[in-house]
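Engineer: This is the structure I want to talk about, given as structure tokens.
Here, each number is a calculation from the coordinates, and none is a lab measurement. Predicted model, so just to flag it, every value in this text is computed and none were measured. Note: ideal-geometry Cβ built from the backbone for every residue, glycine included; neighbour counts use all protein chains shown.
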Amino acid sequence: MTKDKGQTSVKQPAVFYFENALKLANQNQWQAALSQLEQAIKIQPDYAEAYSNLGIIWRRLGNLEASVSALETAIHLNPNLFEAHFSLGNTLLELGQIEAAISRYDRAGQLKPNLAAPQAQMAIAFTALGNIPAAADRWRTVINLQPDNADAHWDLSELLLSTDNFAAARAATIKYINSCPNSFIMSSIAFISSHFRSGIATTAREKFAELEAYLLNLPNSSSIPTQAEIDRLYHHYLFAMPHLRDNLAANSRLYRAISAKYPPTKNTSSPLSLVGKGGASEGRPLKIGFISRHFRRHAVGWCSLNIIQELSHLTPHLYLYHTGQKSPGDSDSLAQIFQQTATKFYQPKTLNSPAEDIIREIRHDQIDILVDLDAITVKTNIEILRHQPAPVCLSWLGFDAPFISEQNYFLGDWHTLPQGREQYYQEQLLRMPNSFVAISGFNFDQTAEIFSRKALRIAPEQIVYLCTIPGKKFNPETAQAQVQILAAVPHSILIYKGKGDATIIQSIYQQQCQEIGVGFHRIKVLTFAPTEELHRSIYQIADIFLDSYPYNGGTHTLEALWFNLPIVTHVGEQFVSRMGNSFLQTLGIAQGIARNWEEYVNWGIRFGQDITLRDKIRQHLVQSKHRDHPSPLWNPRQFARDMYDLFAKL
């Protein structure tokens, strides 16, 4: 609520009510403030500032239509009232009327050109509209107006990174560090994100270690992280961690240190009964809910769809809650299947509080088991889990455990979560009997020629190693091992395909080639494919798949195995460095599992030199898909049964 100096000729009694409204609003007494403003307007019907604040309060109370009406009246009475234009932009943005919101923000910016707020809101609106260049320009305008605006620096770097403008994102984070010395935590996280996602793991590790030392020393200092810093540490810094190192004890310690800084959640709802007393034991099928931002063409979507479909045959109560701000869209074929499979597919109605809406909906639906597919990669999911809106809450598939509550669960298998891993987790561990995932297969574009050997100028007799990892999973150790394999296998080449800074990734491979003595022409760095089906056609020309470490490939490794490629995977300590191991163990294949880089290189060389071994593995993979007795990795129906039984026992 604001008081605009431009308001003139206001009757004194109206001012009295207006001033009372401001005081009540400052105490969050919104209904009382609303009554006072209505009294002011009753005395003076042309009181533009009162209408403007009335619109702000209506938005606070959730009546967006009333908010628009009041703010439009304010603007009609005083076209130059800044706060009315700005607040109307906020309400229209929440209603999803983005272009109209931008128009209001633009007018507010004209009225107060030296104010950063309208420019920042326009940046947010342009981002929602998908106009990234315009959004970036607005953030730069904010930074020009306020060079030490840490939030603007953060949002600009995140925007550039989200659109794969890696070089610009790195430059923005360096400017962030130099411009905001008092924002060490936030600027460091932005720097780490921009570098490790580009493929510059070494630099990212150095900054990661510097920030970790600072954080672990916080108990001995007077500095206390803000809530915004804690959010970024949890959702961005911890996300980077398993990509940069494989140290279960150290990672667990850092996870606990950061997650412990979250303030406790106040649960004001009525107590929830346990499933075993009120659910399946009474003969009622379980009500199972899933929360995710990725019920669409995404790795989580591809890996969960078949299982969710099979679960829908075991219970008529399957609820999907979309935690993204935007609907998956009608053009996404996978999203349509998810929506058709679910008993109910829920999309939040507002942009500002999706977690609150979903929590309310989950409680209304009386879900027995709530399954989170995204963990710390989606903030809304974490907010939901922290409120525990179902008797049983668990995380699965999309990332490692979120370290939220000892009452929650994390689901893996005995290969990813061996005996004794409990000491490193806050959640209770659950293990599937075979693999932690199962799929029924992948389609590929059989007409595509862009990834044919002919198009890529690869001779029929050449051995093709394939590595399909994004920049965030790329590092010099991986490049070195792969080039060492090429050096020992004549007439072999490596195809690298992934989303990252291609210039950086090429330079790292080139450096390794120079040091080891391999011609750089033997490495082909390909661009990111626009569709998954086109991307998967690359497996048809490959002979061997080389996995990533310390963060193994999930969907890509499954794709390689589905298309019958021998794989080399480096198994480590943490969950995400044991995924390739899990897939191979479930398939009954021991060849290709490496415990260190030396073994990784040796397996790569052996696969390249021994065609008999390659054929044996290929035949084994073909047989694993036999219709009558598929491997558990290719049997989502059995996986769903096992999962449902596990849920019922909880």
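Engineer: Under the rule of -39500 (n - 2.57) per DSSP H run of 4 or more residues, summed and divided by the residues of the chain, what mean residue ellipticity at 222 nm is obtained, to the nearest 500 deg cm²/dmol?
Structural biologist: -15500 deg cm²/dmol, from helical runs alone.
Engineer: For segment 206-235 and segment 131-202, what is the separation of their C-alpha centers, rounded to whole Å?
Structural biologist: Taking the Cα centre of segment 131-202 as reference, the centre of segment 206-235 is 19 Å away.
Engineer: One quarter of the convex hull surface, Cα atoms only: what value does that give for segment 416-557 in nm²? Walk me through the numbers before you get to the answer.
Structural biologist: Working: hull surface 44.2 nm².
So the Cα hull casts an average projection of 11.1 nm².
Engineer: Which order do the peptides 546-559, 78-91 come out in when sorted by mean C-beta neighbours inside 10 angstrom, highest first?
Structural biologist: Answer by packing, highest mean first, reads 546-559, 78-91.
Engineer: Placing unit charges on C-beta atoms (Lys and Arg positive, Asp and Glu negative, everything else neutral), compute the dipole magnitude of the chain about its Cα centre in debye, rounded to 20.
Structural biologist: Charge dipole, the chain, about its Cα centre: 180 debye, nearest 20.
Engineer: So for segment 360-403, averaging the separation of alpha carbon pairs under 8 Å that are six or more residues apart and normalising by length, what relative contact order in percent results?
Structural biologist: Numbers: 57 pairs, mean separation 21.0, N = 44.
Relative contact order of segment 360-403: 48 percent.
Engineer: Separate question: Would you list the P(r) distribution for segment 463-631, with all Cα-Cα distances sorted into 5 Å bins from 0 and each bin expressed as a whole %?
Structural biologist: P(r) over segment 463-631, rounded to whole percents: 1, 9, 19, 23, 22, 15, 7, 2, 1, 0, 0.
Engineer: From the C-alpha coordinates alone, can you work out the Kirkwood hydrodynamic radius of segment 285-432, in Å?
Structural biologist: By the Kirkwood definition, the hydrodynamic radius is 15.4 Å.
Engineer: Given +1 on the Cβ of Lys and Arg, -1 on the Cβ of Asp and Glu, and no further charges, what dipole in debye does segment 359-507 carry about its Cα centre, rounded to the nearest 20?
Structural biologist: Rounded to the nearest 20 debye, it is 520 debye.
Engineer: Using the structure shown, select from Lys326/Lys497; Lys472/Lys625; Lys326/Lys524; Lys344/Lys379 the pairs with a Cα to Cα distance greater than 27 angstrom.
Structural biologist: Numbers: Lys326/Lys497 29 Å; Lys472/Lys625 32 Å; Lys326/Lys524 36 Å; Lys344/Lys379 22 Å.
The answer is Lys326/Lys497; Lys472/Lys625; Lys326/Lys524.
Engineer: Once the other residues with Cβ under 10 Å from the Cβ of Ile192 are scored (Lys, Arg +1; Asp, Glu -1), what is the net sum?
Structural biologist: Net local charge, Ile192 excluded: +1.
Engineer: How high is the relative contact order of the chain, given as a whole-number percent (alpha carbon pairs under 8 Å, six or more residues apart)? Walk me through the intermediate numbers first.
Structural biologist: Values: 1128 pairs, mean separation 63.6, N = 650.
Computed value for the chain: 10 percent relative contact order.
Engineer: Another one. Please report the spacing between the Cα centers of segment 505-544 and segment 582-610 in Å, no decimals.
Structural biologist: The distance from the Cα centre of segment 505-544 to that of segment 582-610 comes to 20 Å.
Engineer: Which order do peptides 296-306, 420-430 fall in by mean Cβ count within 10 Å, highest first?
Structural biologist: 296-306, 420-430
Engineer: If packing is taken as the average count of other Cβ atoms within 10 Å, what order do 357-364, 213-220 fall into, highest mean first?
Structural biologist: 357-364, 213-220
Engineer: Which one of Ser103, Leu494, Ile200 is farthest out on the positive end of the charge dipole of the chain, using unit charges on Cβ (Lys, Arg +1; Asp, Glu -1) and the Cα centre as origin?
Structural biologist: Checking the options against the dipole of the chain, the answer is Leu494.
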